[in-house]
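For reference, the structure is listed below as structure tokens.
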Amino acid sequence: MTESSKNQIQTKISKSSFGEIFFLDDFAKYGSADNIRKVLSRLEQEGIVERLAHGIYLKPKKDPLLGTIYPNTEEIARQIAQRDKARIAPTGVLALFLLGLTTQIPLKAVYLTDGSQRAIAIGNRTIQFKKTVPKSFAIKDDLLHLIVQAFKETGQQEISAAFLEQIKPHILQLDEQVIQKQLKYAPVWIQKHITNLYTA
């Protein structure tokens, strides 16, 4: 790769914000994938970028005490989805965490997707994209989706009074139009719980 291509890549990175994520494709016009990787590897040695995972790089944001401030899993997953023009939706323990129903940060963040199925390791964390059917995205409201996933993750037989009490404030935040138009796409047992808590 020519020195000018290295300069072009370096200029693009220097003009970006600290904490910004880059993919190999972002530099496609500056050379072949192999050559771009070599330049990014050199810039990594110089401390200009950090490699988060295969083909994913970060312009590190430094804190004097904490060192590099890494983007959270949700930010990285959203950027990957944006690049792939895919829809994603949090599921499992991640849904519970995003609602504040658990303080345990999941080391494996699982998302439903209509894009490619794969897992991406980032440090000690994993982002897993699970291929799903289009009807999984019938619930378009993000909050309602999280609530439904939290019920599913907990399980019909494990729903306790404490769980319902915890999730009720989130349910009360839902727009009435969302309840009327989108709740029907949730399993019937979840519909009943949500309706009871919303109208109680």
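The values are calculated or read from the model by the stated rules, or taken from the named source; none is laboratory data. Just so it is clear, the model here is predicted, and its values are computed rather than measured. Here the Cβ is made from the backbone with ideal geometry for all residues, glycine too, and neighbour counts use every protein chain on show.
For segment 63-79, the candidate set comprises residues that are surrounded by fewer than 17 Cβ atoms within 10 Å (Cβ to Cβ), touching a strand residue (DSSP E or B) at 6+ places or on another chain (Cβ under 6 Å) and touching a residue at least 40 places away in the same chain (Cβ under 8 Å); within that set, the residue that is farthest from ASP25 (Cα to Cα) is ILE69.
Filtering ALA150, ALA200 for residues that are of a type in the set (A, V, I, L, M, F, W, C) and under 22 Å from the mean Cα position of the chain (by Cα) leaves a single hit, ALA150.
Scanning segment 35-59 for residues that are assigned to a loop (DSSP other than H, G, I, E, B) and either farther than 25 Å from ARG118 by Cα or under 19 Å from the mean Cα position of the chain (by Cα) (or both) returns GLU46, GLY47, ILE48, HIS54, GLY55, LYS59. Within segment 185-200, being hydrophobic (A, V, I, L, M, F, W, C) and surrounded by fewer than 14 Cβ atoms within 10 Å (Cβ to Cβ) holds for VAL188, TRP189, ALA200. Residues that are surrounded by 17 or more Cβ atoms within 10 Å (Cβ to Cβ) and closer than 19 Å to ALA77 by Cβ within segment 123-146 comprise ARG125, ILE127, GLN128, PHE129, THR132, SER136, ILE139, ASP141, HIS145, LEU146, listed in sequence order. Taking the condition among the β-branched types (Val, Ile, Thr), surrounded by 11 or more Cβ atoms within 10 Å (Cβ to Cβ) and either within 21 Å of ILE76 (Cβ to Cβ) or assigned by TED's automatic domain parsing to the domain that holds GLN82 (or both), does VAL49 pass? Considered against the rule, which asks whether it is among the β-branched types (Val, Ile, Thr), surrounded by 11 or more Cβ atoms within 10 Å (Cβ to Cβ) and either within 21 Å of ILE76 (Cβ to Cβ) or assigned by TED's automatic domain parsing to the domain that holds GLN82 (or both), VAL49 comes out as yes. Taken across segment 72-83, residues that are of a type in the set (S, T, N, Q), assigned to a helix (DSSP H, G or I), farther than 30 Å from ASP141 by Cα and at pLDDT 90 or above do not occur at all.
Looking only at residues of segment 7-39 that are touching a helix residue (DSSP H, G or I) at 6+ places or on another chain (Cβ under 6 Å) and under 13 Å from LEU58 (Cβ atoms), we find that the one that is surrounded by the most Cβ atoms within 10 Å (Cβ to Cβ) is ILE21. Being part of a strand (DSSP E or B), crowded, with 18+ Cβ neighbours inside 10 Å and free of Cβ contacts under 8 Å to residues at least 60 places away in the same chain is true of LEU112.
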